1. Of the conditions (1) in a helix (DSSP H, G or I); (2) open to solvent by less than 10 Å² (accessible area, probe 1.4 Å), Ser91 satisfies every one except a single condition; which number is it?
2. Of all residues in the stretch 365-400, which are within 16 Å of the ligand (Cβ to nearest atom) and farther than 17 Å from Val321 by Cβ?
3. Answer yes or no: is there a residue in the stretch 517-530 that is open to solvent by less than 10 Å² (accessible area, probe 1.4 Å) and not β-branched (Val, Ile, Thr).
4. Can you report the number of residues in the stretch 373-389 which are open to solvent by 60 Å² or more (accessible area, probe 1.4 Å) and among the acidic types (Asp, Glu)?
5. Within the set of pairs 6+ apart or on separate chains, which have a first residue in the stretch 244-270 that is on the phi > 0 side of the Ramachandran plot, a second that is among the β-branched types (Val, Ile, Thr), and C-beta atoms under 6 Å apart?
6. Tally time: how many residues in the stretch 293-316 are under 13 Å from Gly425 (Cβ atoms), open to solvent by 10 Å² or more (accessible area, probe 1.4 Å) and touching a strand residue (DSSP E or B) at 6+ places or on another chain (Cβ under 7 Å)?
7. Is it the case that the stretch 62-70 has a residue that's in a loop (DSSP other than H, G, I, E, B), touching a strand residue (DSSP E or B) at 6+ places or on another chain (Cβ under 9 Å) and of a type in the set (S, T, N, Q)?
8. So which residues in the stretch 94-104 are modelled with pLDDT of 95 or more and open to solvent by 10 Å² or more (accessible area, probe 1.4 Å)?
Amino acid sequence: MKYYNLVMTEEISEVKLPFEEKIKTKGWTYVSPKKYLELHKETLKDGFWLSLAQKLDWFKKPTIEKTEEKRFFWKWFPDGVLNMSYLCLDSNLKTRKNKVAFFWLGEDGKEKVMTYGDYYRLVNRLAYALYHKFGIRKGDAVSVYMPLIPETPAVLLALARIGAVFSVVFSGFSSQALHDRIIDSKSKLLITADGYYRRGKKILLQENVRNAIHNTDIQNILVFRRLGEGWEKGEKESFSDEILDDTSPSIYFEPEKVESSHPLFILYTSGTTGKPKGILHDTGGYAVLLYATMKWVFDASEDDVFWCTADVGWITGHSYVVFGPMMLGLTSVMYEGVPDYPHPGIWWEIIERYGVSIFYTSPTAIRMLMKYPDEYVKRYDLSSLRLLHSVGEPINPEAWTWFFEYVGGKRCPVGSTWWMTETGGVIISHTPGWKLVPLKSGTNAFPIPGCSVSVLRADGTPADAGERGFLVIDNPFPGMLLTIYGDDKRYVDTYWSRFEGKFYAGDYAIKDEDGYIWVLGRADEVIKIAGHRIGTYEIESSLVGYEGVVEAAVAGVPDEVKGEVPVAFVVLKEGVSPSQELKQKLINIVRNSVGAVAVPKDIFFVSKLPKTRSGKIMRRLMKAVFVGKELGDVSTLEDEATIDEVSKAFYEFKEELKSRSSE
Ligand code: PRX
């Protein structure tokens, strides 16, 4: 295996404790995998996380690391008292009042620069208004349906200041998805914006919001004006400028002192069955994990300019656009638009414009941008960059190499950080804690300090080096979800029961002979479309919602840019004929009920779906047929089926697809 340690000049033999040393940027120094794993062992002892937690600015510092209230329900730093808005704002005021918190750039070229002082004032006013005008109190759930505008972090911080629990719904999701999440979280207030720009078009949100709030508990809607048009004020609706005008610019709203395990937010994500899961996160554990990973994984410090390109609707946007960087008082960048609009060099232009030093993005974006001539990258001065990371899906070696060579100029390490909505922050990285481990493209590398991971066989025994198995986290860690909102049983069943007492992540992975982890992709019926997590179930249930459809199955198939895209196989009712119009109709149904991100690349009409005897649809087999795999590869595809069953289903399904496509 090739190591890319050409940029690393010096192997470190003496390594200090985390936080005490910066990763050297010129002439990278590194730690060998062996040494790292040796040091790592030391961090798995009790008390490690508590000593790190002490570094945060608590109202009351914790003295207890964790307690297990009941089996699998941990409270991290249970006697600690804090407030996330205080950590991100008040704690930064003394030294960073006029430091830029965000350089925000709109797709239309509009720019807004906000300092920590600006956010502090806005958040105090907002919190005051939310409390007095809308009666929001500690523990109340509030849905936030906002695009990436400079006010979005302020909204989240204002809610955190009150101790309310926010539930952000990605602004690209449909009104149905928004409706379901409002109902599940029992939100009384919805905070949104009039719209945003996408590829030069104005996307208006009013219709989606209006359709989403029927038969919910929503009593008020607060609207921020990004476009300044397209929202006709109606009943229960207020514009943010109106409510802010009623507050004094210097108002102070005292942050609620919350216990460490007080929930900060719910974020809905896809699972294998049923409705999306509301992943509930605490405050203190989450804050400690973010603080630690900002230091370890991102090596962030005062003079860095940080750019995480995620939307705030996903966990990456929560952790590494808003809370992680703001807790550290960093200057960050936020860009409203897509990677290649208004021109394919816009991201590189932004890096040059603001002098970005740490850049965090997704393999999908890299693959999209590497399709354009290299001139678009070369045109800009990217010498400010020093560290590059990707997230969301496995990074293929071609994308890694392009990112390393063209964007990082062979100077900057490129890592693929593995984590998920449930973990709250990065768990596996090439820059896990002390320095950098030698780079291997396509790998995720090593777990961060204080966290141990394993790759297990289906029977729970450790897989051999190079053998595919299931990725688990061996021990509880701060930042991990508290539970699935309103469904403790599902939380225990999903994460802690597959491999008794270990956190099951739902991914296939390999550990290689050097101990590097390679995450291969989901082991369940979740697909990653452009890095976004969508359950096949969600798309299927919207398809069967159409009266002419009896059954539907969705499989993720490889896509050059998006990594994976869904294709759907649909069984129609007797008397309903397949047609192009029907296909289009079904595609629109998915767009309206789940969102544009989930639209199938194609829909195939078939007479039956391949199933195991117990009735489980063999989605992996369907995918294998679709991508033209041969049966040799198929025997391992379905855990619950016999080889005979799989091969029969394989040939039948293949024949049917062939005959249908020649129809
Ligand atoms: O399959 C893994 C993949 O994304 C899943 C988690 O998705 P989500 O909760 O939406 O969070 C994404 C952003 C943290 C994981 O189960 N995944 C995430 N990062 C990587 C990855 N797969 C491979 N390499 C990664 N770096």
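1. (2)
2. The initial filter retains those residues of the stretch 365-400 that are within 16 Å of the ligand (Cβ to nearest atom), namely 365-367, 387-400.
Hits for the stretch 365-400 are Ile366, Arg367, Glu393, Pro394, Ile395, Asn396, Pro397, Glu398, Ala399, Trp400.
3. No, the stretch 517-530 has no match at all.
4. First, the residues of the stretch 373-389 that are open to solvent by 60 Å² or more (accessible area, probe 1.4 Å): 373, 375, 378-379, 381, 383.
Now restrict to residues that are among the acidic types (Asp, Glu): 375, 381.
Result for the stretch 373-389: 2.
5. No pair meets every condition.
6. Counting residues in the stretch 293-316 that are under 13 Å from Gly425 (Cβ atoms), open to solvent by 10 Å² or more (accessible area, probe 1.4 Å) and touching a strand residue (DSSP E or B) at 6+ places or on another chain (Cβ under 7 Å) gives 2.
7. no
8. Narrowing the stretch 94-104 to residues modelled with pLDDT of 95 or more: 95-104.
Listed by number, the residues that qualify are Thr95, Arg96, Lys97, Asn98, Lys99, Val100, Phe103.
The values are calculated or read from the model by the stated rules, or taken from the named source; none is laboratory data. This structure is a prediction, so every number in the text was calculated from the model and none was measured. Positions of Cβ are generated from backbone atoms using ideal geometry, with glycine treated the same way; all protein chains shown enter the neighbour counts. Accessible surface areas use protein heavy atoms only, side chains included; no ligands, DNA or RNA. Shrake-Rupley method; radii C 1.70, N 1.55, O 1.52, S 1.80 Å.
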